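Let me begin by presenting the structure, written as structure tokens, before commenting on it.
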Amino acid sequence: MFLENLSNYIDYLCLERGLSENTEAAYRSDLLEFINFLDQNGIKNFDEIKRTHINFYIRDLRRKELAPTSVTRKIASLRGWFKWMMGMSLIRHDPTVSLEQPKLSKHLPKVLSINEVDILLSQNLPKLEKAMLELLYATGLRVSELANLRLQSLNLKHAYVKCFGKGAKERIVPIGKIAKEAINLYIEHRNKILETNNMTTEFLFVNEDGRKITRQDIYTIIRNLGEKVLKKHITPHTLRHSFATHMLENGADLRVVQELLGHSDVATTQLYTHVSKKRLKEVYFSIN
């Protein structure tokens, strides 16, 4: 009963909200964990679930010493599932009503200085790494968006890229001259790779075997570059954070940056204004 219902809910999420494979897997994992909890407690149908059961489940999550963000996500997954069931008239009561989300402390994202980015981009890199690095910093794309970028999504003549973010939302992001040059050089190299391996693919970024590059490949490349060149740990998201912060520091409008990043809520983008203020204070006190 639980599993069939969950399968229908996941199908709904994928069709209505266009979830990525990773988000779908996270929802499924979270809710399967809850179903396992119900089974362990002898609960066979939804009408048996009380608010006390939800409280016990959350307590068990905290006992596992999960990160607060993980607990928050699992609670959100649970609330979404019950809300959907109520909307479909599949249950008579929602035990998660009035359930409060844990308050998370807001950590400011770590960003690189403009000088650090310059050092990173000035390295003599393979064409693939150069193109990915330039594109990440020039556009602020998420790592999944970069990995799934298709050749046809690029318009180098008019210097923009079309990408699909969370919820399959499409957005257009301009590309700068340097990034455009790096991509052009990489595409020539890419075509030779595909020809040599007698392969074709719609995806822009491929490895030396002609296979689509993965998110993990990108993480590894960026991490290794950070450790080797800057002696610090960085991720593709560090470049996204740096892109947003540097845009705001140089006078870009908050709403424009929101659109470029693909944020549905401007409050998410607003976090970068705090980063800019913090960095401004650090520079001020370092010279006074």
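The values are calculated or read from the model by the stated rules, or taken from the named source; none is laboratory data. Small disclaimer: the values here were computed from a predicted structure and weren't measured. Heads up, the Cβs are rebuilt from the backbone with ideal geometry, glycines too, and the neighbour counts pull from every protein chain shown. What goes into the accessible areas is simple: the full protein's heavy atoms, side chains included, and nothing from ligands, DNA or RNA. Shrake-Rupley method; radii C 1.70, N 1.55, O 1.52, S 1.80 Å.
Worth a mention:
- Residue in region 65-94 that is nearest to ASN5 (Cα to Cα), counting only those that are of a type in the set (Ser, Thr, Tyr) and in a helix (DSSP H, G or I): SER77
- When region 258-282 is filtered for residues that are among the polar types (S, T, N, Q), open to solvent by 80 Å² or more (accessible area, probe 1.4 Å) and either within 20 Å of ILE172 (Cβ to Cβ) or at pLDDT below 70 (or both), only SER264 remains.
- Restricting attention to region 40-73, the residues being touching a residue at least 24 places away in the same chain (Cβ under 8 Å) and closer than 20 Å to ASN8 by Cβ number 5.
- Hits in region 117-162 - residues which are in contact (Cβ under 8 Å) with a residue 60 or more places away in the chain, more than 20 Å from ARG211 (Cβ to Cβ) and open to solvent by 40 Å² or more (accessible area, probe 1.4 Å): ILE119, GLN123, TYR137
- Subset tally (residues that are in contact (Cβ under 8 Å) with a residue 40 or more places away in the chain, open to solvent by 50 Å² or more (accessible area, probe 1.4 Å) and either touching an Asp or Glu at 6+ places or on another chain (Cβ under 8 Å) or among the aliphatic types (A, V, I, L, M) (or both)) for region 1-38: 1
- Being under 30 Å from THR214 (Cβ atoms) and open to solvent by less than 80 Å² (accessible area, probe 1.4 Å) is not true of ASN45.
- Test: residue in region 85-103 that is modelled with pLDDT under 90, under 21 Å from THR268 (Cα atoms) and open to solvent by less than 40 Å² (accessible area, probe 1.4 Å): yes
- Entry remark, region 48-60: residues being open to solvent by less than 50 Å² (accessible area, probe 1.4 Å) and among the hydroxyl-bearing types (Ser, Thr, Tyr) number 1 in total.
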